[in-house]
1. Is it the case that region 9-19 has a residue that's under 18 Å from THR211 (Cα atoms) and either modelled with pLDDT under 75 or part of a loop (DSSP other than H, G, I, E, B) (or both)?
2. Looking at region 210-229, can you tell me whether even one residue there is assigned to a loop (DSSP other than H, G, I, E, B) and either surrounded by 14 or more Cβ atoms within 10 Å (Cβ to Cβ) or not acidic (Asp, Glu) (or both)?
3. Please verify whether ARG393 is of a type in the set (D, E, K, R), surrounded by 16 or more Cβ atoms within 10 Å (Cβ to Cβ) and in a helix (DSSP H, G or I), treating the condition exactly as stated.
4. What number of residues within region 306-355 are modelled with pLDDT of 80 or more, part of a loop (DSSP other than H, G, I, E, B) and surrounded by 14 or more Cβ atoms within 10 Å (Cβ to Cβ)?
5. Any idea which of LEU197, LEU239 is surrounded by 14 or more Cβ atoms within 10 Å (Cβ to Cβ), farther than 30 Å from HIS468 by Cα and of a type in the set (A, V, I, L, M)?
6. Hey, could you check region 370-390 for residues that are touching a helix residue (DSSP H, G or I) at 6+ places or on another chain (Cβ under 9 Å) and in a strand (DSSP E or B) and say which is nearest to GLY403 (Cα to Cα)?
7. Residues in region 261-306 that are of a type in the set (Gly, Ala, Ser) and under 22 Å from ALA326 (Cβ atoms): how many?
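The values are calculated or read from the model by the stated rules, or taken from the named source; none is laboratory data. None of the values given here were measured: they were computed from a predicted structure. Neighbour counts are summed over all protein chains in view; Cβ atoms, including those assigned to glycine, are modelled from backbone coordinates with ideal geometry.
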Amino acid sequence: MSNPLNTLTGRMVAVTIVAVIVSYAIAFAIYSNERGSALRRAAETNVAERVAFTAERLRDIPADRRAEAVESFRDFSLRYSVSNEPQITTNLGGPGARIASAISERLADSEAHAQSRIVDAPSRRWRGERDPRDRGRGRGRGRDDRTGDAPPPPPDEFARGPGPGGPDGGPAALPDAPMVRVTEAIISVRLGDGSWLNTSARLPGPRPTPTSAIVGALVSIIIVGIGAALVARQIGRPLSDLASAARALGAGQTSVSAPVSGPEDVRRASTAFNAMAERLGRQLNRQRQMLWALSHDLRTPITAIRLRAELIEDEAERQRLLASVAEMETLTEQALALARAGASEEARSNVDLAEIARTLCGELQDMGVNIHAEASEPLMAECRPTEIARAMRNLAENAAKYGGGGLMRIYRNDANEAVVEVLDEGPGVPADLLARLTAPFFRADEARSETQGAGLGLAITQAIADSHGGRLVLANRVPKGFSAKLVLPN
């Protein structure tokens, strides 16, 4: 199965989705930062104002009554206490420093210190099972009597101050309440007579991106992906049709045209290809017709020369002339075969290449050609049987001529392509001549043997391979020998 990312549609969809995801990630990061920053600043300002207001109230109360008075204050998420020493003596930056600065600005003649950190604490919104004793009184177990919310987390080594389970005797947090991340701040404000107001505050912690925003982003990504797939399909399908038409033209078909559809640029490309294919088809047909006519017309004078040669009384002279005539006939037939290669009107069919190889090798052996078939398993391939049989015969005869015999193997390669490979034990071909072996009328006889030939066998085989969308692979073997592979697509 092909990788969808290797297609235009797959890559366009992938690039579009990745671009949307990256843009949403950046937008979410900016949104979360701005939203969280705004909420935190609002909460910090609110806490600073409430602490400053409480400090102003305590200044008007006599010093000996401040501890009693502070216990009566009811303030959501804040716990107060009065002592002679501050709980916090330095500012460490962050929310604490901003709160201390805001308090100092409001209470110009007071000294304020604050520190903060992010901790995991039980959720204030947790509503546990109601205590049976509280039924009818509107109070659930673990809830604060005054606010209806779970109290803030207990103090620890960071801040030993008022809070649930602490000096104020507040109720303990529910053990099964879910933990959330919050900002815990401890604030110390100096009152007028040297005493200190210590406050434990609970601020909102980092907040995740809302689920609704994530769902909206996913829906947007899906919609954009579908839209990209539709657009890419409008471009990819005409290009695929154009590629198929190009392969057909390269395989030797002359009546080839690509559908003119899709965007304007693709339509122009298809129109230009169709015009090129039409001109090329006319030119190829003219060349083939000329070569067929020439080969056909040569048969009449060749036949006349043969008849006249038969009348020569000198046996040696007659045989030399007849050998030349036979060579001319062979050359004419091979030229005609080359012209017809890949232009046959034979219908394609699904045939067993192994059966063709066994039959062909048997016929050649009867003619004295040393060639054997290694094709025990059937191998089906869609092709024009007569042309493929001609190509296989050419490879077998070349192996017998230049290598003294050969072996024809039929198998499938790792790409599931059908392969007809003919091996011989001959001297091989110089590496610099391998690329020229399929050129018409080229022979590398000086590298292989003294056998004569027209030099059209491999050219015909190459043309047949091209017409089937396959290829001819020629290579030297190690330590000696030669390999010719006719590879057909699956």
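1. At the first step, the residues of region 9-19 found to be under 18 Å from THR211 (Cα atoms) are none.
Among the residues of region 9-19, not one is under 18 Å from THR211 (Cα atoms) and either modelled with pLDDT under 75 or part of a loop (DSSP other than H, G, I, E, B) (or both), which makes the answer no.
2. Just the residues of region 210-229 that are assigned to a loop (DSSP other than H, G, I, E, B), to begin with: 210.
With the extra rule that they be either surrounded by 14 or more Cβ atoms within 10 Å (Cβ to Cβ) or not acidic (Asp, Glu) (or both), the set shrinks to 210.
Taking every residue of region 210-229 in turn, at least one turns out to be assigned to a loop (DSSP other than H, G, I, E, B) and either surrounded by 14 or more Cβ atoms within 10 Å (Cβ to Cβ) or not acidic (Asp, Glu) (or both).
3. Details: of a type in the set (D, E, K, R): yes; surrounded by 16 or more Cβ atoms within 10 Å (Cβ to Cβ): yes; in a helix (DSSP H, G or I): yes.
So ARG393 fits the description; yes.
4. 1
5. Numbers: LEU239 fails: farther than 30 Å from HIS468 by Cα.
From the options LEU197, LEU239, the qualifying one is LEU197.
6. Within region 370-390, the subset touching a helix residue (DSSP H, G or I) at 6+ places or on another chain (Cβ under 9 Å) is 370-381, 383-385, 387-390.
Retained after the next criterion (residues that are in a strand (DSSP E or B)): 371-374, 380-381, 383.
Details: ILE371: 10, HIS372: 13, ALA373: 16, GLU374: 18, MET380: 29, ALA381: 28, CYS383: 28 Å.
Ranking the qualifying residues of region 370-390, first place goes to ILE371.
7. Quick first cut of region 261-306, residues of a type in the set (Gly, Ala, Ser) only: 261-262, 269-270, 272, 275, 277, 281, 293, 295, 304.
Next cut, under 22 Å from ALA326 (Cβ atoms) only: 295, 304.
Residues flagged as of a type in the set (Gly, Ala, Ser) and under 22 Å from ALA326 (Cβ atoms) within region 261-306 amount to 2.
Rundown of residues vs (1) farther than 19 Å from ALA112 by Cβ; (2) modelled with pLDDT of 85 or more; (3) assigned by TED's automatic domain parsing to the domain that holds VAL189, yes/no style:
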site	(1), (2), (3)
LEU39	yes, no, no
GLU44	no, no, no
ALA48	no, yes, no
PHE53	no, yes, no
GLU68	yes, no, yes
ASP75	no, no, yes
TYR80	no, yes, yes
